[in-house]
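> Here you go, one structure.
The values are calculated or read from the model by the stated rules, or taken from the named source; none is laboratory data. This is a predicted model, so every value here is computed, not measured. Backbone-built Cβ (ideal geometry, glycine too); neighbour counts: all protein chains shown.
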Amino acid sequence: MEDNQYAHFITNQLIETWSEISKQLLQQPDKLTRCHLELWKDYQELLQHLTDNVISIDKRFTGKAWQEQILFNFIQRAYFLLTTHIDNLIKNSSGNNKESAKKLHFFAKQFLDSIAPTNFISTNPEIITRTIETQGKNLVNGLKQFLNDIKQNNGQWLTPSVNLTSFEIGKNIACTPGKIVFQNDLIQLIQYNVTAKKTYKHPLLIIPPWINKYYILDLQQENSLVKWLVDQGFLVFMISWVNPETAHREKQFSHYLIEGPIAALKIIQEITNQPQVNVLGYCIGGTLLSCMLAYLAKKNNHSIRSATFLTTLIDFSEPGDLGVFIGDKQINELEKHMQPKGYLDGHVMAAVFNALRANDLIWSSFITTYLKGQKPKPLDLLYWNYDSTNIPEKVHSFYLRNMYLNNKLIHPNQLKLADEYIDLNKITTPCYFLATKDDHIIPWASCYKSSLLLSGPVRFVLASSGHVAGVVNHPGKNKYGFWTYSKRPLDPESYLKNATFHEGSWWPHWINWLKPYAGRLINTKHANARKNYIIEDAPGSYVKKRLITI
């Protein structure tokens, strides 16, 4: 894609959607007039109650000045009136066109988030105070950082600053010891060193998403799922996906299946002399795991002992806000943009995900870095989020068209992978599904519906928090919680209504489910990587390839 690629892509969708809604508005002038009159009436009422102290629950407006100073309390209340008015306007004008309304709601939220009074010097009391106290140094420092970000990102502004110098892959992030025991042009396979005196007989293979780096599951030692697993006695293998270049343009989704987890499975069986392996898939890695299970079932291959799906979509009928970006026209345009390089630039995908949580991932950092003039804090999660990966053109196009657009995965024998048409109904492997309640990428209800598609025994668990924080929740932190329910009603809300809430991390609950499939504990003497398989030390070279040089 050319410069300003993401903005161009979004603008086209916005114009198209707004045109559809505008036509309906012009056909209903009475509704438009009524909405404007209601807004005017609400503003008049606001002015009449100017001295009322209204406390906002929005975390952007929790500072004292927003509550105690009349001017700033008025500004935030006026802002919320505007957001409510625009929301009602879209609802009243969209008619039966739910898809257009959903898109316009999303884009309207992006606009409204961007014009929030917290994002401007003159309407944010905290910034005004700080500017006076520092004699404007905060703004000077913020401008310097902004220019530095532009320079670092090759002339583009992507997202506010991330502290990139406080972490080094293999040193203080992605640093659980292990060896690379296999590689091809798509993956490196990590075998982690065992730390317990005894290990479970059946190894665990983890399939991370290829749209991000694998080390979201191996951040720092105090929050690493991998470190915690090896300490619990599990022999863990991890796929580390290549960061694709133009040379990978011919790679297809089937290649990611065969040369990814299936190739890894064969090597693990060879190294450990164990015919059966437990497998975990996270996000899009979970979708690939479902394809793998169906593919192996078609081959009458029972190599997978159990499967764990973390925040995974299999049924794409209700994809959430990501669906805003999916349509035949949008995909056609995206394919045209990918064609010259043969891949989707990782920054585009990162921008899409950031837009889904703009207040947290864009504007909060914008205020801290550029308006307050503070240096970004060293946060491992933000470092990982910034470390984007490209996606091969044919892989991405296949995934968008066959999964999101046409939802072929849920229909028997509609999706062909390698040499087989797959059928999810053939999957009888015991499965554990985890969804997160505030997931902005994969709605938990859609994840729940996906869990109902498989024929084998399924355990579904709903965790607190979001797509990443709800998953990466070390028991030692004693944060959040999760819901469990032994039955599987068809309606997700019925599940939640009857579920029992448990404090803390879901990790121990999952381990208790996994242990029966992990087999007996055996001596760890021969559990570490065998010399004739070792290529290099973990985390390997694939994960270190970045889109931007620090």
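> Check every one of the helices (runs of 4 or more DSSP H) wholly within region 444-550 and list those with 2 or more residues that are in contact (Cβ under 8 Å) with a residue 60 or more places away in the chain. If you could, list the steps in order and put the result at the bottom.
On the way: elements: 444-451, 492-498, 507-518.
The helices (runs of 4 or more DSSP H) meeting that bar are 444-451, 507-518.
> Then there is this: Can you tell me which residue among P516, P475 is within 24 Å of the chain's Cα centre (by Cα) and within 30 Å of P177 (Cβ to Cβ)?
On the way: P516 fails: within 24 Å of the chain's Cα centre (by Cα).
Matching residue, one of P516, P475: P475.
> Taking region 390-433 only, how many residues are crowded, with 21+ Cβ neighbours inside 10 Å and modelled with pLDDT under 95?
Looking only at that region, the number is 0.
> Mind checking which pairs have a first residue in region 17-36 that is assigned to a helix (DSSP H, G or I) and a second that is modelled with pLDDT under 70, Cβ under 9 Å, 6 or more apart or different chains?
E20/S94; E20/N97; I21/S94; I21/N97; Q24/S94; Q24/G95; Q24/N97
> Could you check how many residues of region 54-79 are under 30 Å from the mean Cα position of the chain (by Cα), part of a helix (DSSP H, G or I) and surrounded by fewer than 16 Cβ atoms within 10 Å (Cβ to Cβ)?
Total meeting the criteria: 1.
> Find all pairs meeting these conditions: Cβ atoms under 6 angstrom apart; at least six residues apart or on different chains; first residue within region 306-328 and assigned by TED's automatic domain parsing to the domain that holds L288 and at pLDDT below 95; second residue polar (S, T, N, Q) and in a helix (DSSP H, G or I).
Pairs that qualify, where the first residue is assigned by TED's automatic domain parsing to the domain that holds L288 and at pLDDT below 95 and the partner is polar (S, T, N, Q) and in a helix (DSSP H, G or I), are E318/S446.
> Could you list, in sequence order, the residues of region 304-320 that are more than 13 Å from the chain's Cα centre (by Cα) and either buried (at least 18 other Cβ atoms within 10 Å of the Cβ) or among the charged types (D, E, K, R) (or both)?
Step one: of region 304-320, the residues more than 13 Å from the chain's Cα centre (by Cα) are 304-309, 314-318.
Correct list: I304, R305, S306, A307, T308, F309, I314, D315, F316, E318.
> Out of H248, H202, H255, report the one residue that is under 23 Å from P516 (Cα atoms) and in the same structural domain as I534 (by TED's automatic domain parsing).
None of the others qualify; the one that does is H202.
> Turning to a different aspect of this structure: Yes or no: I258 surrounded by fewer than 22 Cβ atoms within 10 Å (Cβ to Cβ), assigned to a helix (DSSP H, G or I) and either basic (K, R) or at pLDDT 95 or above (or both)?
Details: surrounded by fewer than 22 Cβ atoms within 10 Å (Cβ to Cβ): yes; assigned to a helix (DSSP H, G or I): yes; either basic (K, R) or at pLDDT 95 or above (or both): yes.
For I258, the condition - surrounded by fewer than 22 Cβ atoms within 10 Å (Cβ to Cβ), assigned to a helix (DSSP H, G or I) and either basic (K, R) or at pLDDT 95 or above (or both) - is met.
> Restricting to region 96-106, count the residues that are surrounded by 13 or more Cβ atoms within 10 Å (Cβ to Cβ) and at pLDDT below 85.
Step one: list which residues in region 96-106 are surrounded by 13 or more Cβ atoms within 10 Å (Cβ to Cβ), which gives 97, 99-106.
Imposing the further condition that a residue be at pLDDT below 85 reduces the set to 97, 99-104.
Qualifying residue count for the region: 7.
> I need every pair where a residue in region 48-72 that is within 23 Å of T368 (Cβ to Cβ) has its Cβ under 6 Å from the Cβ of a residue that is exposed (fewer than 13 other Cβ atoms within 10 Å of the Cβ), sequence separation at least 6 or different chains.
Between residues of region 48-72 that are within 23 Å of T368 (Cβ to Cβ) and residues that are exposed (fewer than 13 other Cβ atoms within 10 Å of the Cβ), the close pairs are Q67/I55.
> While we're on this one: Are there any pairs with C-beta distances below 9 angstrom linking a residue in region 133-154 that is of a type in the set (F, W, Y) to a residue that is not in a loop (DSSP other than H, G, I, E, B), with the two at least 6 apart or on different chains, and if so which?
Close Cβ pairs (under 9 Å, with a partner that is not in a loop (DSSP other than H, G, I, E, B)) amount to F146/T369; F146/Y370.
> Can you name every residue in region 474-508 that is closer than 19 Å to D231 by Cβ and in contact with a Leu (Cβ under 9 Å, 6 or more places away or on another chain)?
H474, W506, W507
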